[in-house]
Amino acid sequence: MIKAVLVMNTQGKPRLTKFYEFRTVEKQQEAIRNVFAVLCSRPEHVSNFVNAESIFGPDARLVYKHFATLYFVFIFDSSENELAILDLIQVLVETLDKCFRNVCELDVVFNYSKIHTILDEIIFGGQVLETSSAEVLKAVEEISKLEASSNAINLVPKSVSAWRTR
């Protein structure tokens, strides 16, 4: 099971956090700080797989990938395959790239809800749902169409003068 997904910049500011196990806000912030401390202390030429038992408890593993100014971090237990999770990070980044045309930190900051929608199409409740970025993009487009059509429905007239003519 995936325990958490974190996207943070190279200064340690979390840009996206999604915990699939309950943790208090204080524990979440502590975990983010500890994960960043681990990432900062690692040289570039070492493996992207880290034992995270000291941060997330027994049987926890951490896989990360560094793209430009962002770290994409997945924390999971032994029921998940490390290489499959590394591939899942690649799927997430490819989907974001297709959605935003070369995703950058500002895209993550200013399109927070869309990023969560994409992540929810890939992972839900700590379980992997979809590994095809094309399928994820189709689902996100459908959700966007539904949101646009629901915003187009006017339940209340826009002006007070429309109320008087009734």
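The values are calculated or read from the model by the stated rules, or taken from the named source; none is laboratory data. Please read all numbers here as calculations on a predicted model, not as lab measurements. Cβ: placed from backbone, ideal geometry, glycine included. Neighbour counts: every protein chain shown. Note: accessible area is taken over every heavy atom of the protein model, side chains too, but ligands, DNA and RNA are not part of it. Shrake-Rupley method; radii C 1.70, N 1.55, O 1.52, S 1.80 Å.
Taking region 11-64 only, how many residues are among the β-branched types (V, I, T) and touching a strand residue (DSSP E or B) at 6+ places or on another chain (Cβ under 7 Å)?
6
Have a look at R15, R23, R42 and point out the one that is more than 23 Å from F124 (Cα to Cα) and surrounded by fewer than 20 Cβ atoms within 10 Å (Cβ to Cβ).
One residue alone meets the criteria, R42.
Within region 74-90, can one find any residue that is open to solvent by 30 Å² or more (accessible area, probe 1.4 Å) and within 21 Å of Q11 (Cα to Cα)?
no
Out of region 131-142, which residues are free of Cβ contacts under 8 Å to residues at least 40 places away in the same chain and out of contact with any helix residue (DSSP H, G or I) (no Cβ under 6 Å at 6 or more places or on another chain)?
A134, E135, K138, E141, E142
Taking region 110-125, which residues are buried (at least 18 other Cβ atoms within 10 Å of the Cβ) and either more than 14 Å from the chain's Cα centre (by Cα) or in contact (Cβ under 8 Å) with a residue 60 or more places away in the chain (or both)?
Within region 110-125, I115, L119, I123 qualify.
Among the numbered criteria (1) in contact (Cβ under 8 Å) with a residue 60 or more places away in the chain; (2) farther than 29 Å from G12 by Cβ, which one does V128 miss?
The number of the failed condition is (2).
Which count do you get for residues in region 26-38 that are surrounded by fewer than 19 Cβ atoms within 10 Å (Cβ to Cβ) and more than 24 Å from K114 (Cβ to Cβ)?
Selection size over region 26-38: 8.
How many residues does region 94-106 hold that are surrounded by fewer than 18 Cβ atoms within 10 Å (Cβ to Cβ) and either hydrophobic (A, V, I, L, M, F, W, C) or modelled with pLDDT under 90 (or both)?
Residues flagged as surrounded by fewer than 18 Cβ atoms within 10 Å (Cβ to Cβ) and either hydrophobic (A, V, I, L, M, F, W, C) or modelled with pLDDT under 90 (or both) within region 94-106 amount to 5.
Residues of region 126-140 being aliphatic (A, V, I, L, M), closer than 20 Å to A4 by Cβ and open to solvent by 50 Å² or more (accessible area, probe 1.4 Å), which ones? Can you show your working first?
Kept after step one, since they are aliphatic (A, V, I, L, M), are these residues of region 126-140: 128-129, 134, 136-137, 139-140.
Okay, now just the ones that are also closer than 20 Å to A4 by Cβ, so 128-129, 136.
Passing the criteria: V128, L129.
Would you check if R61 is charged (D, E, K, R), closer than 18 Å to Y112 by Cα and surrounded by 17 or more Cβ atoms within 10 Å (Cβ to Cβ)?
Taking the combined requirement at face value, the residue does not satisfy it.
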